[in-house]
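Quick notes on the structure that follows.
The values are calculated or read from the model by the stated rules, or taken from the named source; none is laboratory data. All of these numbers come straight from a predicted model, not from anything done at the bench. Because the Cβ atoms are built from the backbone with ideal geometry, glycine has one as well, and the counts that use them run over all protein chains shown.
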Amino acid sequence: MVQGLDADKAAQLNAGLARIRERFVQSLSDRIDAFYELLGDLRDPGSWQDACAEIRASAHKLHGICASVGFSKIGQNAAQVEYLIDGLGPTLRERDIDEVRSLLNLLLDEMEQHLDAA
Amino acid sequence: MRILAVDDDELIRELLLATLEAHGYTDVTLAESGEDALRKIASAGKPFDTFMFDIQMPGMDGIELTQRVRDMPDYRESPVVMITAMNQKDYIDRAFLAGATDYVTKPFDTTELITRIRLADKLQSETRRATVAGQSQRVGKNKPAYADPIAIEEIKGYVSSGVLQNYVMIMKDQKQLSIGAFAIRVPELEKVHAGSSAEEFAYVVTDVAEVISDTLVGSQAFVSYIGGGVFLCVGPRRMLPEAQTIQDQLFTMLNDSDLVYCEEVPTSFSAQVGALSAPKILERRDDLRFLGRAVDNLNMVPKQRQLSPMNSGIGRLDIHAA
């Protein structure tokens, strides 16, 4: 029962949330592929800035939606990636990129587990 | 209630729509960007009542969108609820400075979201009532009581009392417990209220609010007039000026007739600055008693000696030891 709603409205909301959750799960595969592509871009120091900006933007979106559709852990991992990149200085160093890679791999592990379970 | 919800993430838009519709808000328009939102506002036959904006979007972000909406006469006072994963203080401050009335952080749960929309609805109703009352007051139909707040517009850092409370709740949500509040009373406003029209009184209070806001420039503080000649200020404790400094500056600026001028009641002005009050760690997010304590602290400030225009240039100020 959703707080403050009668049974019909609660059922309507729960059905809506289930549809959004299903669409989110369907989107996981594409999101994972995009992250792997960006991980590849991190091999080239000339692409670090752009790749980090894109990784941050995608992580930010995951952070915003995941807990609302029942995937809190993915959201937490995504927030860690987002905050790490927010905290990086203007000049990226190899050590920074290693940290980004490391957290992004943790996020990918979490996403893949949910994709496998779906 | 007509709602415009703006987010670049399709799933978030769907989530907002599903949540709002299930709670009876069926007149919802969705936009995928700031630019799309402006187009939808321009083509709306009937104005929207409430806005929900994401902050971080490609192109025009939600903060700029809020400023653009606030520039439109129809939407100067409409609730704007920011819905965003950006939970740093800087973003929250910028959103409120741009004119946001509330702030919900993603990920959100549906109950929280609806609570904030209902608050926005309530704020909108109160604002409409205050605007209607203000309009009739300004044409002299009825004068507000001295103890009542009045609507003040377009001063940087100035917010209504309801918005100030929302800001404080967000700060507490984000564990920004380093905020503090203090109150300023300008006692001579009572004399101005007694001897002037509603319109003149509103002008003088607006001038005083602007002076207070100028005094707090750089301190990231928000100011609100709560009636009875009292202004409530909230900001990060380490950034707020000392009471003595504020009083000195206020004394000079309030008595500069280019800044504060009352045609109908010649008077000099003084200011009492209360001690700083801070939220307590175990207080709940919606426990705003520290704002009340800030106002209560004014009662510990010794009564101001009335200044006459003859000696106002060198008048005495009562300094409250915080």
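Here are some notes:
- Qualifying residue in segment B:168-189 (condition: under 28 Å from B:SER125 (Cβ atoms), surrounded by fewer than 21 Cβ atoms within 10 Å (Cβ to Cβ) and in contact with a Gly (Cβ under 6 Å, 6 or more places away or on another chain)): no
- Residues in segment B:86-129 that are within 18 Å of A:GLY64 (Cα to Cα), touching a residue at least 24 places away in the same chain (Cβ under 8 Å) and among the charged types (D, E, K, R) were compared, and the one that is nearest to the other protein chains (Cβ to nearest Cβ) is B:LYS106.
- Residues considered: B:THR111, B:THR105, B:THR127, B:THR50. Of these, the only one that is modelled with pLDDT under 90 and in contact with a Ser or Thr (Cβ under 7 Å, 6 or more places away or on another chain) is B:THR105.
- Scanning segment B:27-59 for residues that are closer than 19 Å to B:ASP109 by Cα and part of a loop (DSSP other than H, G, I, E, B) yields B:ASP54, B:ILE55.
- Residue that is modelled with the highest pLDDT, among those in segment A:82-104 that are within 13 Å of A:PRO45 (Cα to Cα) and out of contact with any Leu (no Cβ under 8 Å at 6 or more places or on another chain): A:ASP98
- Search result, residues across segment A:14-49 that are within 11 Å of another protein chain (Cβ to nearest Cβ), free of Cβ contacts under 8 Å to residues at least 40 places away in the same chain and either within 16 Å of A:VAL81 (Cβ to Cβ) or not hydrophobic (A, V, I, L, M, F, W, C) (or both): A:ASN14, A:GLY16, A:ARG19, A:GLU22, A:ARG23, A:GLN26, A:SER27
- Within segment A:36-72, the set of residues being assigned to a helix (DSSP H, G or I) and among the charged types (D, E, K, R) comprises A:GLU37, A:ASP41, A:ASP50, A:GLU54, A:ARG56, A:LYS61.
- Selection of segment A:63-101 for residues being surrounded by 12 or more Cβ atoms within 10 Å (Cβ to Cβ) and hydroxyl-bearing (Ser, Thr, Tyr) yields A:SER68, A:SER72, A:TYR83.
- Segment A:73-90 - residue that is assigned to a helix (DSSP H, G or I) and hydrophobic (A, V, I, L, M, F, W, C) and, of those, nearest to the other protein chains (Cβ to nearest Cβ): A:ALA79
- Segment B:167-222: number of residues that are farther than 14 Å from B:PHE269 by Cβ and basic (Lys, Arg): 2
- Top-ranked residue of segment B:168-227 - restricted to ones that are at positive phi and either in a helix (DSSP H, G or I) or within 15 Å of the chain's Cα centre (by Cα) (or both), ranked as modelled with the lowest pLDDT: B:GLN220
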